[in-house]
Amino acid sequence: MDKREEKMELVRTAADYTGRLIEGINEAVDLFHEGMEGKALDLVIQIIDGLKWTMEAITVTLDVQEEAIDISEINDAFNAMSEALENVDYVLIADVLEYEILPKVEEWNQKLFITAREDS
Amino acid sequence: MSSSLFEKNVSQYCKKYGKIIKNFTDTSNLLLEKTKDDCYTLKLKYLDRELYLHSKYSPIKEAERFVEKIKDFNIKTVFIIYGMGLGYHILELMKYLHEENSLIIIEPNEEVLSKAFSVFDWTKLLNRKKTHLFTGTDRQAINLLLGEFVDITNAENIQFLTFSQYDKIYPEFYKVVYEEIKNYVSLFKISKNTKTHFWNKYNENFFNNLTKMVHEHSINDLKGQFNNVPAFIVSAGPSLDKNIKALRQVQNRGLIFSGGRTLTALIHNNIRPHFVVSMDPGIAAYEVLQEHKKHDIPLITTVVSNDEVIQAHQGDQFYIANSEYTGLIHYFTKKEMDILPLGASVANASAAIALYLGCNPIIFVGQDLAYTDGKYHAQSCQIGQEETDEDDRFEVEGIYGGKVWTNSVWYTFLMWMEKFIYHSSGKLFIDATEGGAKIHGTEILTLKESIEKYCQKTFDVDEKLKEIISNHEKVYQNEKLKTLLNNLKNNLDKLDKISDKALKDLEEVYHCDIESITIEHTRPFRVFEEQINKMMKDNPGIKDILIRVFEEINSNNDFIEKVNETEKEKLEKIIKRNQEFYRQIKITVKSIEGFIENLIENQLESIKIFGARIHFKS
């Protein structure tokens with residue numbers, strides 16, 4: 001498998017993975033709204049790890065992406081999340097997940113799928 | 001944000017609750033912040049953190065979600081919302097509420113409420129019936145408020161909902177509210193189960209007590225007869241062993257009220273109480289009397305209390321009415337007989353009776369309501385081995401500070417007593433238990449101190465009782481009673497026939513295709529209902545007999561209309577409700593007729609013999 005093929009494989013994996021990440025984020029938001037903060041926070045930890053992996057995958061596949069993804073766009077959301085986590089503000093954590101992180105991940109998911117489709 | 005809006009809300013609030021809400025304009029703890037969708041959110045400084053009470057992106061969407069997740073409610077659901085915030089969720093919820101729904105909003109922080117008052121117009125909410133906007137963190141106030149809204153018919157139909165992260169920001173009061181709701185729910189569940197469980201026994205007791213009831217006294221004969229006489233309510237708590245002997249000093253300077261369980265202990269200590277109070281409908285009330293079942297100390301009891309206690313008793317009896325038997329009492333006795341708030345224990349009831357008699361102060365003895373020294377009852381009042389539920393134990397404030405262990409049943413008694421004391425202004429309540437749980441509203445003294453301080457005047461209690469008893473004419477009316485019983489039985493036969501007809505018609509409708517049923521099909525049932533209503537109006541005794549049927553049916557969530565129900569769903573519910581209603585009537589009629597027949601055949605005969613004995617003596 002050549003380098004490009006490897007990267008395309010990674011794009012396809014990342015496209016699928018971000019789909020699952022979207023489900024996870026929605027689930028965490030629901031859990032916060034249902035008052036199950038413990039379970040929701042467990043998910044948030046997994047979401048942050050998942051985002052880190054996705055951002056690495058995006059970075060290494062930048063040159064094969066049809067529409068380049070700018071991962072720095074999520075920095076503000078990360079800052080907001082870190083502030084919300086520091087304050088243990090469940091309302092704000094859910095807000096940041098839903099209104100800052102989710103739209104970005106949805107956008108990445110679409111762009112990754114476009115690249116994956118173009119190649120196939 | 002507007003100051004005129006704030007003033008409008010405060011003025012309405014003040015009109016309803018008689019107090020104002022301060023306008024917290026200069027506050028650094030609470031900030032109104034514009035949201036991304038041009039609404040407002042609230043940011044609260046909490047300890048060293050900053051927390052949002054609403055979404056800072058879309059509080060309206062958040063409110064819609066809050067309401068969407070509410071499931072399984074109907075038009076009688078009581079909504080208790082912990083957290084008002086700026087109130088987006090309240091405005092959203094109000095769109096779905098039926099006028100029958102009760103709504104309690106609890107906002108622990110008055111400052112938050114002042115912000116809500118400056119953002120939205122709350123006059124519609126404040127004008128709404130069955131609504132209370134509570135602010136503060138006072139346990140007793142929330143207890144009293146819940147008492148106004150929660151009752152036996154809706155205790156299992158409560159939606160307690162926490163808004164946002166209010167349970168994390170105000171956790172102590174959240175715990176208080178949660179516990180108070182839990183206590184009310186369990187109190188009414190127990191009460192409902194007891195009622196259901198004892199329903200038949202209540203009826204059996206009523207009819208078995210009837211002959212004595214018509215001949216003996218009404219509690220009204222004692223009303224206000226012992227003004228400012230100290231009353232000693234003797235209970236069987238573990239501390240009673242410590243100070244029971246001191247009660248000998250009371251003599252005729254106060255009234256001693258005993259329950260069944262404490263009677264033996266008092267007699268063993270050469271103390272003759274002035275009244276024995278017996279409330280329980282079950283056989284346990286008879287068994288605790290041990291070797292004193294045939295005592296002749298004046299008995300204060302209710303029309304539905306245990307029949308064996310009443311039959312065995314040899315002295316004068318004073319009957320308290322029961323709210324569900326007033327029609328029957330009037331039908332049979334024609335006596336004025338008051339209903340008293342009797343609570344859940346003999347001590348609760350005795351306190352209410354003492355107050356009714358005019359007694360003051362009311363002094364509690366042996367009212368531990370706690371496992372003092374790990375014991376359940378006083379040694380002197382213990383009967384056999386007592387089993388306690390190890391899982392049902394928790395700590396409450398003790399009489400001498402610190403904590404003592406109690407259980408949910410005692411806690412229910414305690415809650416009732418505190419509420420009773422709170423509502424009995426102008427009377428002095430003394431806790432002379434010398435141990436156990438703190439009863440808020442009481443003065444704490446030792447029994448010796450209480451007697452020394454309050455039993456200074458001699459009052460000839462026995463002479464007063466003799467006077468009351470001799471003023472009452474005991475007129476035997478067996479023939480009249482028999483006629484009334486037969487008339488009631490004829491009415492019950494008629495009820496049975498109506499129910500048969502209704503059930504037959506319902507069966508036919510039930511087997512039709514539900515799609516083809518219209519409101520027209522339910523018209524004939526209204527005729528049956530009207531016939532029953534007329535019978536209840538003509539004879540309030542019939543109303544009493546059917547009251548529990550109505551209660552059961554009306555509090556059954558399966559039959560209560562849901563908000564936004566379709567016509568078909570409504571119809572199906574009406575049919576099922578009616579079927580259950582007439583089935584229950586038939587069961588009740590059969591059971592009451594059995595008690596009437598038993599009374600006519602057995603007891604009225606024995607009264608003749610009893611009557612002859614009285615005649616022989618005179």
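Just so it is clear, none of the values below were taken in a lab; they were calculated from the coordinates. Model, not experiment: these values are computed from the prediction. Cβ atoms come from the backbone with ideal geometry, glycine included; neighbour counts cover every protein chain shown.
Here are some notes:
- Neighbouring Cβ atoms from other chains, within 10 Å of the Cβ of residues in B:153-164, number 1 on average.
- Mean separation of Cα contacts under 8 Å, 6 or more apart, over the residue count of the range B:306-377: relative contact order %: 17 percent
- Antiparallel content of DSSP bridges confined to the protein assembly as shown, in %, to 5: 25 percent
- Fraction of antiparallel bridges per DSSP, chain B only, in percent to nearest 5: 25 percent
- Cα-centre dipole for the range A:3-119 with unit charges at Cβ (Lys and Arg positive, Asp and Glu negative), debye to 20: 400 debye
- Inter-chain Cβ neighbour average for residues B:45-56, partner chain, 10 Å: 4
- Furthest towards positive pole of dipole, B:Phe559, B:Val303, B:Met415, structure part the protein assembly as shown, Cβ charges: B:Val303
- Cleavage-rule hits (chymotrypsin sites (Phe, Trp or Tyr not before Pro)) in the range B:395-477: DSSP loop, at most 13 neighbouring Cβ within 10 angstrom: B:Tyr400
- As a rough guide to protection, the peptides B:134-141, B:160-167, B:361-368 ranked by mean Cβ packing within 10 Å, highest first, stand as B:361-368, B:160-167, B:134-141.
- The range B:59-133: GluC sites (Glu not before Pro) in DSSP coil with no more than 11 other Cβ atoms inside 10 Å: B:Glu99
- Averaged over the residues of peptide A:80-86, the number of Cβ atoms from other protein chains lying within 10 Å of each residue's Cβ is 1.
- Looking at the range B:224-326, the trypsin sites (Lys or Arg not before Pro) that sit in a DSSP loop and have at most 11 other Cβ atoms within 10 Å of their own Cβ are B:Lys294.
- Across the options B:Thr442, B:Tyr356, B:Tyr57, the greatest Cα extent toward the positive end of the charge dipole of chain B (unit charges at beta carbon of Lys, Arg, Asp, Glu) belongs to B:Tyr356.
- Gain upon complete extension [B:Glu569, B:Lys501; 0.36 nm per residue less C-alpha separation]: 22.1 nm
- Lys/Arg +1, Asp/Glu -1 at C-beta; the range B:3-169 dipole; positive extreme among B:Val67, B:Leu126, B:His89: B:Leu126
- In a simple Cβ point-charge model (Lys, Arg +1; Asp, Glu -1; nothing else charged), the range B:3-169 has a dipole of about 200 debye relative to its Cα centre.
- For the pair the range B:90-104 and the range B:308-359, the centres of their Cα atoms are 40 angstrom apart.
- Rounded to the nearest 20, the Cβ-based charge dipole of the protein assembly as shown about its Cα centre (Lys and Arg +1, Asp and Glu -1) stands at 4340 debye.
- Where only DSSP H runs of four or more residues are counted, chain B gives -15000 deg cm²/dmol as its mean residue ellipticity at 222 nm, each run worth -39500 (n - 2.57).
- Build a GNM of chain A with springs between Cα atoms under 10 Å apart, and of A:Ile48, A:Ile22, A:Ile58 the one that fluctuates most is A:Ile48.
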